[in-house]
1. So, S34, is that one of a type in the set (S, T, N, Q) and surrounded by 15 or more Cβ atoms within 10 Å (Cβ to Cβ) or not?
2. Are there any pairs with C-beta distances below 8 angstrom linking a residue in the stretch 309-337 that is within 12 Å of ligand 1 (Cβ to nearest atom) to a residue that is assigned to a loop (DSSP other than H, G, I, E, B) and among the aromatic types (F, W, Y), with the two at least 6 apart or on different chains, and if so which?
3. Which of the residues spanning the stretch 143-187 are in contact with a Lys or Arg (Cβ under 8 Å, 6 or more places away or on another chain) and under 15 Å from R460 (Cβ atoms)?
4. Please specify each residue of the stretch 274-309 satisfying the condition of being open to solvent by 10 Å² or more (accessible area, probe 1.4 Å) and either part of a strand (DSSP E or B) or closer than 21 Å to G203 by Cα (or both).
5. Considering each of A392, A336 in turn, give the residue that is open to solvent by 30 Å² or more (accessible area, probe 1.4 Å) and part of a helix (DSSP H, G or I).
6. Go through (1) within 16 Å of ligand 1 (Cβ to nearest atom); (2) part of a loop (DSSP other than H, G, I, E, B); (3) not aromatic (F, W, Y) and name the single condition Q117 misses.
7. Give the number of residues within the stretch 51-92 that are in contact (Cβ under 8 Å) with a residue 12 or more places away in the chain, more than 19 Å from the chain's Cα centre (by Cα), assigned to a loop (DSSP other than H, G, I, E, B) and over 16 Å from F15 (Cα atoms).
8. Among the numbered criteria (1) closer than 20 Å to S217 by Cα; (2) open to solvent by less than 20 Å² (accessible area, probe 1.4 Å), which one does Y51 miss?
Amino acid sequence: MQYVSTRGEAPVLGFSDVLLAGLARDGGLYVPESWPRLLPSEIAALAGKSYAEVAFRVIAPFVGDAIAEADLKRMIGEAYATFRHPAVTPLVQLDHDHFVLELFHGPTLAFKDVAMQLIGRLMDHVLTERNQRATIVGATSGDTGGAAIAAFQGRDRTDMFIMFPHGRVSAVQQRQMTTVADPNVHAIALEGTFDDAQAILKGMFNHFSFRDRVNLSGVNSINWARVVAQVVYYFYSAVALGSPHRKVSFTVPTGNFGDIFAAFVAERMGLPIEKLVVATNVNDILHRTIATGLYEVRGVVPSSAPSMDIQVSSNFERLLFEAYGRDAGAIRGLMARLTQAKSFTVADEPLAEMRKLFASGRADEATTAATIRDTLEASGYLLDPHTAIGYAVAKAHVTPGVPMVTLATAHPAKFPDSVEAACGIRPALPAWLSDLMTRPELYDVVANDQLIVERFVEERSRSVKVGG
Ligand SMILES: Cc1ncc(COP(=O)(O)O)c(C=O)c1O
Ligand SMILES: N[C@@H](CCOP(=O)(O)O)C(=O)O
């Protein structure tokens, strides 16, 4: 399988190179040259298989011959053995036709673990084969950072730097990043927003001398492998609900558009999906875009769902590429306008194309809190604020007879203050994390400035090329 950039001006790469490359060298995002398809009979054959078996069937076509089958199977097996639920990502029915897909049974209690536990192993494998080291820099609004650190801590071939927006993540999220003592891990409290952190990260990838000197790699959803690993649970849950004989809809609490783009990939691969619903919080750029066609960046507003406090939604570029019929020139034009004017308009035809599959909605802070409270009362189930946004938006999109699956992207114990304020119950961390709030913290506060962050990284990374 070969990969092309959404901007059409970067080298075409195979899976292992895409895994290590992060952002394409033309500033675009890598996508497969064509979509692998699973026949209805192959989808039907996934019924009753373990999560790891489904993962292998779904991921293998994207890997091709880049990694030996036995190694891929072993790494998938190891990755999902870290989850503390036998089903890995169990479905829970909360209402007639409405289910939540619990993605938070991994080491850091968020859906990011699903991809990150595999990527940590894949990267280590490829770096070892090539006898290389890499500097991984990541931007997080709260969950990617902790999951990345859990997946890479102590790994010999990587140095990891995670930028989180200072003061804008929950205390649990912060401590999952700042209480890890392994010398290859560096938590950076950036004096800015997540969008600032992501812009710095993309700036680093576009600063080629720095990029090459530190052998820069990324584990944000810039990285194609992140998206692929997330495709699996759409197949796994849909098959459990009767696919391919029955269509399923999904509602996804959305920020950087990686998770819901993975659902789109599942659909391209042949999974019969009725609707994909984009659920946003008050930072609703994606809802506004799907409703009006205008993608317009506004100031980010801190919310009770901090991981979704995002304005510049990285993976939306991948959807635009598809909706514009893979016209890389058109994408370059849109992205140039975004840089200059902080907005662009999606043309009528691609917008209509998107709306065939995608719908959207927004939940404000009051609705989010009310949804946590009402769902607890109605079914005894405690939602985290991100999942509550999805659940609230999904309700307006349930079609009788079509199962609606809302993705439960984080455990409520990651956001105890907001959950308690909403419903009076303060969710406790699981026993194996019970000392998290008393562990010593280690992090550096760094200015919102690309060159300052680069200097910080370069001084500490053991992956800098000598004389480079
Ligand atoms: C708990 C939670 N829900 C939802 C999202 C949004 O996911 P995505 O950025 O893939 O759209 C995030 C952040 O990625 C998150 O951490
Ligand atoms: N919500 C994310 C933001 C980064 O998204 P990613 O999917 O590109 O890693 C977070 O929790 O950090």
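The values are calculated or read from the model by the stated rules, or taken from the named source; none is laboratory data. The structure displayed is predicted, hence computed values, not measured ones. Ideal geometry is used to build each Cβ from the backbone, glycine not excepted, and the neighbour counts take in all protein chains shown. We work out accessible area using only protein heavy atoms, side chains counted, and drop any ligands, DNA or RNA first. Shrake-Rupley method; radii C 1.70, N 1.55, O 1.52, S 1.80 Å.
1. Considered against the rule, which asks whether it is of a type in the set (S, T, N, Q) and surrounded by 15 or more Cβ atoms within 10 Å (Cβ to Cβ), S34 comes out as no.
2. Correct list of pairs: S313/F257; S314/F257; N315/F257; F316/F257; R318/F257; L319/F257.
3. Across the stretch 143-187, the qualifying residues are T158, D159, F161, N184, H186.
4. Those that are open to solvent by 10 Å² or more (accessible area, probe 1.4 Å) and either part of a strand (DSSP E or B) or closer than 21 Å to G203 by Cα (or both): E274, K275, L294, E296, V297, R298, G299, V300, D309.
5. None of the other options fit; the residue is A336.
6. (2)
7. Residues flagged as in contact (Cβ under 8 Å) with a residue 12 or more places away in the chain, more than 19 Å from the chain's Cα centre (by Cα), assigned to a loop (DSSP other than H, G, I, E, B) and over 16 Å from F15 (Cα atoms) within the stretch 51-92 amount to 3.
8. Exception for Y51: condition (1).
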